[in-house]
1. Over 10 Å intervals from 0, what percent of Cα-Cα pairs in region 74-123 sits in each interval?
2. Using heavy-atom solvent-accessible surface (probe 1.4 Å) with all chains present, what is the largest-first order of Phe315, Phe226?
3. Using 1/(1 + (r/R0)^6) with R0 = 30 angstrom and r between the beta carbons of Arg122 and Arg361, what's the FRET efficiency to the nearest 0.05?
4. Considering only C-alpha atoms, what is the centroid distance from region 289-324 to region 198-236, in Å?
5. For labels at Leu183 and Glu247 in the simple 7 Å Cα→Cβ model, what's the distance in nm?
6. Relative to the compact-globule scaling 2.2 N^0.38 Å, provide the ratio for the alpha-carbon radius of gyration of region 235-376.
7. Would you tally the net charge around Ala77, using a Cβ to Cβ cut-off of less than 14 Å, leaving Ala77 out, and scoring K and R as +1, D and E as -1?
8. Counting each pair of different Cα atoms once, what's the Kirkwood radius of the chain in Å, rounded to one decimal?
Amino acid sequence: MTSVAVVGTGTVGSMALWRLAERGIHAVGFDTYAPGHDRGAAGGESRIFRTAYKEGPRYVPLLREARALWAELERAAGRRLLTPVGGVTAGPREHPKVRAVLDAARAHDLPVEVLTGEDARRRVPEHPLRDGEVMVVDHDAGYLRPEPAVGAAAAAAERAGARVARYTPVRELREDAAGVTVLAEDGEHRFTHAVLAPGPWAAASGLLPEPLARALTVRAITSTWFPRRDESLFDPGRCPIAIRVGEPAYSCFPAVDGAGVKINLHVPWREIASPAALARSVPVAYVRQVARAVAETLPGLDPDPVRVATYCDAFTSDGHGLLGGHGRTVLAAAFSGHGFKLAPVLGDIIADLVETGATARDIGHLAPNRTLRRSP
């Protein structure tokens with residue numbers, strides 16, 4: 001009988017555990033902490049979901065499947081995890097990332113609009129355009145709640161028969177022809193397969209194959225929250241998520257919890273040695289930089305943040321994650337800051353790989369055996 005150890009119950013591990021359990025596969029999740037903890041890549045309180053994807057058209061079929069699975073998880077959890085408020089990409093008309101969004105939409109016949117001038121001001125007053133800029137509207141976009149979503153997936157997995165070994169670090173995986181032995185803090189456990197989903201801890205865990213571990217970097221990602229000048233703006237039930245490209249560049253969310261509008265500035269994020277070295281304080285120079293971006297482009301916000309927070313993720317040099325089989329272990333790591341929206345379908349692909357060793361989904365760009373240099 002197939003049995004699976006899922007090492008890491010964060011963003012991808014919790015979804016893998018859920019999808020395995022839904023197929024009736026005996027699965028146990030091991031975590032140094034517990035699902036939903038703040039030492040992984042699921043931080044930030046809100047995440048973007050979008051289908052017109054500037055990272056490449058081949059993600060679009062995966063995103064369509066992910067959306068359906070998010071709805072399935074919502075039904076299982078009895079709560080909303082994805083709020084479909086739409087999304088916009090704003091920036092210079094000929095910017096490569098604006099063109100990439102439009103290319104993805106054309107390739108998959110996605111329902112997008114291109115707005116300029118008064119149409120953009122009327123529809124999305126929160127994000128005024130500058131001369132020469134356009135706004136691409138993705139009607140299928142919205143925002144996700146990451147911490148509740150991880151907890152919901154783990155809980156759904158447990159209801160379906162999986163087990164979560166909380167506060168149980170894994171020290172080593174020993175694979176042989178018949179299965180995998182998990183050496184955990186509470187002793188040895190035997191499974192036919194393993195899933196390695198350590199999130200930003202991938203390189204530091206000592207569990208990832210050494211060539212892959214050397215190719216990854218861990219980066220600190222900082223979010224800032226700004227108060228609204230006008231309470232009618234950035235309403236979480238109406239205002240779309242937004243990505244601004246060009247200069248400045250950032251992601252912007254509605255006022256999800258009422259305390260402020262979250263901004264993630266798109267700058268080279270600080271490299272850190274490991275998640276254990278993550279400093280929760282934020283350099284003042286970064287705060288000045290994001291405050292300047294807000295002052296220049298978001299007149300509906302006070303340009304002084306009321307809150308900052310930091311989490312981290314693992315990155316590859318090409319910005320695409322690692323997903324594929326390695327012997328009896330499925331590797332799922334380093335989704336480079338844009339894996340959360342895909343997490344349910346990544347979990348389902350992992351279940352495919354455990355069951356049959358293959359998947360019908362196109363994941364060639366995520367192959368762990370592709371050539372990777374050290375992330376810059």
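1. Reading upward from the zero bin: 19, 39, 26, 14, 2.
2. Phe315, Phe226
3. Approximately 0.15, to the nearest 0.05.
4. 10 Å
5. It works out to 5.3 nm between the two label points.
6. 1.28
7. So the surrounding residues net to 0.
8. 21.1 Å
The values are calculated or read from the model by the stated rules, or taken from the named source; none is laboratory data. Keep in mind the model is a prediction, meaning the values are calculated, not measured. Cβ: placed from backbone, ideal geometry, glycine included. Neighbour counts: every protein chain shown. Note: accessible area is taken over every heavy atom of the protein model, side chains too, but ligands, DNA and RNA are not part of it. Shrake-Rupley method; radii C 1.70, N 1.55, O 1.52, S 1.80 Å.
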